[in-house]
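Structure first, commentary second.
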Amino acid sequence: MAPGLAWSLVAAFGLAGGAGTLSAQDSDCGDRASLRVAVLNDDDMAPVRGATAVVQWTDTQRARRPVREVVGAGRLVLCAPRDATRATLWAEYGNFSSEEAVVAIVAGMSHDIRLALRSGPIRTGRLIGQVHDAITEDPVVAASVFVPDRLRVAETDRRGRFVLSGVPAGVRDLNVRHLGYAPLSHVVEVSPGLTTEVEIGMVPDPVEMEPIVATATRSRRLEVKGFYERRHWSELVGTGTFYTAEDIDRRRPVEISHMIADESGIRLQCNARRTDCRLVNTRLSSGVTGACSLNFYIDGLPTRGIALDDVVRPSEIAGIEIYKGLASGPAEFPPSRCGLVAVWTK
């Protein structure tokens, strides 16, 4: 399969008809629902190896981190959490990702989802965001979010969040409706193959004030690398600190290590001549050497014995993830007792 191919999505939801297995990962989910995910080539419907399926469970009682699984044989089976009512799924391959599908979870049932790969340019984008009360800032649950002339209507979950996939690229009218609130219509620009984040503050009727809407287009590279998923999870449980290129531009650091050293519990330790500097975790000790040096990764690869400032300039960075201890680090990186910093370039 040639690089540069985009993902399209074909989703089929329903009961699985027989007891046959899809892969070695197929297991009995008992009274829980299961998702039987197949990634196929659009040309001949053959299974595609090496794609990554991403599943985000929603409406659960506690926050759950997105599941990222490599679909080795083109097929995958996942058991849903008992309290999950919906799942958002998509597939990734290289620098491309599919549109998202939202599945209504039914306990004890098996749901079939097919993600089909096709060639050709990407002509749609994705809108995700949160709807809240502009006065109380409480999430607005079960609000309808839609783009005119599109059949699909997204509904906000208990946190006020929504996902609207397959939106044609270009300038679109985003409409939000909920009983008791003034109807909202806002113009957004949808970029092909990219995700635009939307923050919406709805005004209760009959309060006279303007609705509050903020939009930001996600970096495609960061989205594929899972940066935004980890940031979302971190915001819920407080495991890390995240900076985007916009955050770095606002701070305008001379060296990126100076900005990282501004974090509490981290400082820049240099020798007397300041010819050798390293970022250390002041809350931990490495034992014999005393200072606990953070590990660094650039685009997922470890850097050893090389100063971060000698490798990348602030203007070249798309995003930074900072984790200050062993328990806070994500599964995507090897455990690091002193903490780690992941840098993603543009």
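The values are calculated or read from the model by the stated rules, or taken from the named source; none is laboratory data. Everything quoted here is computed from the prediction, not taken from an experiment. We place every Cβ from the backbone using ideal geometry, glycine too, and count neighbours over all the protein chains shown. Side chains are part of the model used for accessible areas, which takes the heavy atoms of the whole protein and leaves out ligands, DNA and RNA. Shrake-Rupley method; radii C 1.70, N 1.55, O 1.52, S 1.80 Å.
A few remarks follow.
- For region 299-345, with all protein chains in place and a probe radius of 1.4 Å, 58% of the accessible heavy-atom surface sits on carbon or sulfur.
- Sequentially through region 82-89, phi angles give Karplus couplings (6.51, -1.76, 1.60; θ = phi - 60°) of 4, 9, 6, 10, 8, 9, 10, 10 Hz, Gly and Pro residues having no value and appearing as x.
- Overall, region 198-346 carries a charge dipole of about 860 debye about its Cα centre when +1 sits on the Cβ of Lys and Arg and -1 on the Cβ of Asp and Glu, all other atoms neutral.
- Taken about its Cα centre, region 103-262 carries a charge dipole of roughly 900 debye when the Cβ of each Lys and Arg holds +1 and the Cβ of each Asp and Glu holds -1.
- Ranked by solvent-accessible area (1.4 Å probe, protein heavy atoms only, all chains present), the residues 173, 149 order from largest to smallest as 149, 173.
- Residues of region 205-346: accessible area per residue with a 1.4 Å probe, Å²: 55 Å²
- Percent accessible area from carbon and sulfur atoms, region 101-174, protein chains only, probe 1.4 Å: 50 percent
- Magnitude of the charge dipole, region 138-201, Cβ model with Lys/Arg +1 and Asp/Glu -1, debye to 20: 180 debye
- Overall form of region 157-199 per C-alpha gyration tensor (a/c, 1.5; a/b vs b/c): oblate
- Expressed as a fraction of 2.2 N^0.38 Å, the value expected for a compact globular protein of N residues, the C-alpha radius of gyration of region 130-252 is 1.13.
- Spherically averaged projected area of region 229-272 from its Cα convex hull (nm²): 4.1 nm²
- Region 176-234, Cα convex hull volume normalised per residue, Å³: 104 Å³
- Rounded percent of accessible protein surface that carbon and sulfur make up, region 180-279, 1.4 Å probe: 47 percent
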